[in-house]
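Enquirer: Following this message is one structure expressed as structure tokens.
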Amino acid sequence: METFDLIIIGAGTAGVSAAMRASEKGSRVCIIEQQKIGGSCFNKGLYPIQFGLNLLKNNKSEFSRDGGVDFEKLFSTITNTTSSLSQLWEKKLIDSGVRIVIGRGLPLSSDLVQVRSNKETFDFGAKKIILATGSDPVSLPTLPFEDDIIIPTDDILRTKSIPERVFLMGAGHHSCETALFYQKLGSKVFLTSDQNRLFPDQDPDAIDYLEQSLKGQKIKLLLGKTISSYFKNKESLDITLAEGVKFQVDKIILNIDRQGNSDYLDCETLGVMRGARKELLVNDKLETGVPGIYAIGSVIGRKSRPGVSIEEGKIAADNAMGKDRSINYDLIPFIVSAELEIATVGCFSEQAHYKGFRGIEGRVESKDLDFSYLGHLNDGFFKIVADARSGLLIGGQIISPNASQLISLLVLAIKKAMKVGALSSLAGDKSSEIEGIREAARLCSNAIKTNIKAGR
């Protein structure tokens, strides 16, 4: 029987991240996947929507037809590109020495995995196991999935036509970008959430921008609203909200909840505990209740974003190889695309005291920086948050064209325990977005000095 240092079941973003990490560190790794490398997020979920949104932002004329969007050409481009990237990921795994096995992996114990593939069953030995089996969308009892009418976000690429009016339920990260995607396709978009604002755990200023940006794109935000009833006509759906508001749509897209893809794992026999949504329960080391078996990605019950999955994969792989690392979700950037990218990490000033800090911030508007003049940019800002007592950087929020890349600088600075004064000396051209980070850090540093002089 062949034995590996690490066997990973599931080759989505989290699983691939773990495999690459462990292989780079010298472990003998096997990854088992039932379908395509990349998992649902990459092949039919978040990645395709982000790619499609970028295509429509930057190359809309390429997909124009008769005053609208060439739907078939766009979706064909998205599908072909994600398929090519899946093949690229596969090549990277192979080049790194990772053994790829297509089939269903079933852990029989903490050191034995059974693989069922093409009517063949065989076993692998494993020193450690990582479960990265993903999750499946869940419908509402009152809104069961119905082909091309009521669908999960996972099925968007199977859509047969562009709906004139689309209703998105569940205002999460994926839903916001899906709403923008359909708006750019030419649909009238309604986005609803049972919460009174988008992402209440994020910086209020950043989320204010996001909400205003969505509204500016003619997306109807229905926050704090729920569906009371719906009625299917021949050509449309009549929706009534709990407050009595009525309107018609052609498609409902649900992004309310997911459940862990764990039924087939026989967790009870294995001894791995599950939660109410079939998620695998793990500690801060990402280890299950069974020593030597770890779990990562959306199967552990979090609404995983690619950045979260990648970090979970690295930490689980490190711990499987003998490290002792805990996951800190505060240091994983929150990123969402609007007309500008929004990226945040760590604390915002109003929540700093809940984390044991005394928050103080420096903020600069993009319109006051050189790069905005060169790019005719009037929106966006850079905000740096530090602890007023130690001067350590504890958070940052960026709204800018390249916020998703710039936020990595702040992540590194927080991890390296950099003081905000040092960040203010960051090298960079005044005509680049780096100037926004540097200027916000300078203002934050000055605010700390003012507080000290005032004896606060």
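The values are calculated or read from the model by the stated rules, or taken from the named source; none is laboratory data. The model shown is predicted, which means the values in this text are computed figures rather than measured ones. Here the Cβ is made from the backbone with ideal geometry for all residues, glycine too, and neighbour counts use every protein chain on show.
Enquirer: Can you find even one residue in segment 104-116 that is within 30 Å of Ala18 (Cα to Cα), among the hydrophobic types (A, V, I, L, M, F, W, C) and surrounded by fewer than 18 Cβ atoms within 10 Å (Cβ to Cβ)?
Expert: Applying the first criterion (within 30 Å of Ala18 (Cα to Cα)) to segment 104-116 yields 104-116.
Now narrow it down to the ones that are among the hydrophobic types (A, V, I, L, M, F, W, C): 106, 108, 112-113, 115.
Those still in the list that are surrounded by fewer than 18 Cβ atoms within 10 Å (Cβ to Cβ) too: 108, 112.
Taking every residue of segment 104-116 in turn, at least one turns out to be within 30 Å of Ala18 (Cα to Cα), among the hydrophobic types (A, V, I, L, M, F, W, C) and surrounded by fewer than 18 Cβ atoms within 10 Å (Cβ to Cβ).
Enquirer: Going through segment 225-243 one residue at a time, which ones are surrounded by 13 or more Cβ atoms within 10 Å (Cβ to Cβ) and over 15 Å from Met169 (Cβ atoms)?
Expert: Scanning segment 225-243 gives Ser236, Asp238.
Enquirer: Then there's this: Considering segment 412-429 alone, what residues qualify as being surrounded by fewer than 19 Cβ atoms within 10 Å (Cβ to Cβ) and β-branched (Val, Ile, Thr)?
Expert: If the condition is that a residue be surrounded by fewer than 19 Cβ atoms within 10 Å (Cβ to Cβ) and β-branched (Val, Ile, Thr), then no residue fits.
Enquirer: Here is a list of conditions, (1) in a loop (DSSP other than H, G, I, E, B); (2) touching a Leu at 6+ places or on another chain (Cβ under 8 Å), and Gly97 meets all of them except one; can you say which number that is?
Expert: (2)
Enquirer: At least 2 residues that are charged (D, E, K, R) and within 30 Å of Phe75 (Cβ to Cβ) in each: list the strands (runs of 3 or more DSSP E) lying fully within segment 173-274 that qualify.
Expert: Ranges flagged: 257-260.
A quick yes/no check of all residues on (1) surrounded by fewer than 23 Cβ atoms within 10 Å (Cβ to Cβ); (2) at pLDDT 90 or above; (3) of a type in the set (S, T, N, Q):
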position: Lys246; (1), (2), (3): yes, no, no
position: Gly271; (1), (2), (3): yes, yes, no
position: Glu279; (1), (2), (3): yes, yes, no
position: Asn283; (1), (2), (3): yes, yes, yes
position: Gly289; (1), (2), (3): yes, yes, no
position: Ile293; (1), (2), (3): no, yes, no
position: Lys303; (1), (2), (3): yes, no, no
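Enquirer: Here's a follow-up. Please work out if Thr240 is more than 25 Å from Gly103 (Cα to Cα) and hydroxyl-bearing (Ser, Thr, Tyr).
Expert: yes
Enquirer: Which residues, taken from segment 432-456, are surrounded by 14 or more Cβ atoms within 10 Å (Cβ to Cβ) and hydroxyl-bearing (Ser, Thr, Tyr)?
Expert: Listed by number, the residues that qualify are Ser432, Ser445.
Enquirer: May I ask you to list the residues in segment 399-422 that are under 27 Å from the mean Cα position of the chain (by Cα) and without any contact (Cβ under 8 Å) to a residue 40 or more places away in the chain?
Expert: To start, the set of residues in segment 399-422 that are under 27 Å from the mean Cα position of the chain (by Cα) comprises 399-418.
Hits for segment 399-422 are Gln405, Leu409, Leu412, Ala413, Lys416, Ala417, Met418.
Enquirer: Another question, then. How many residues are more than 22 Å from the chain's Cα centre (by Cα) and under 28 Å from Ala18 (Cβ atoms) if we restrict to segment 33-79?
Expert: Residues in segment 33-79 being more than 22 Å from the chain's Cα centre (by Cα) and under 28 Å from Ala18 (Cβ atoms): 1 in total.
Enquirer: Only one of (1) touching a strand residue (DSSP E or B) at 6+ places or on another chain (Cβ under 9 Å); (2) at pLDDT 95 or above; (3) surrounded by fewer than 16 Cβ atoms within 10 Å (Cβ to Cβ) is not met by Asp95, so which one is it?
Expert: (1)
Enquirer: Still on this model: Going residue by residue through segment 302-319, is there one that turns out to be of a type in the set (A, V, I, L, M), without any contact (Cβ under 8 Å) to a residue 24 or more places away in the chain and on the phi < 0 side of the Ramachandran plot? Steps first, please.
Expert: If we filter segment 302-319 for residues that are of a type in the set (A, V, I, L, M), which is where we start, we get 308, 310, 315-317.
Next, only the ones that are without any contact (Cβ under 8 Å) to a residue 24 or more places away in the chain stay: none.
Scanning segment 302-319 turns up no residue that is of a type in the set (A, V, I, L, M), without any contact (Cβ under 8 Å) to a residue 24 or more places away in the chain and on the phi < 0 side of the Ramachandran plot.
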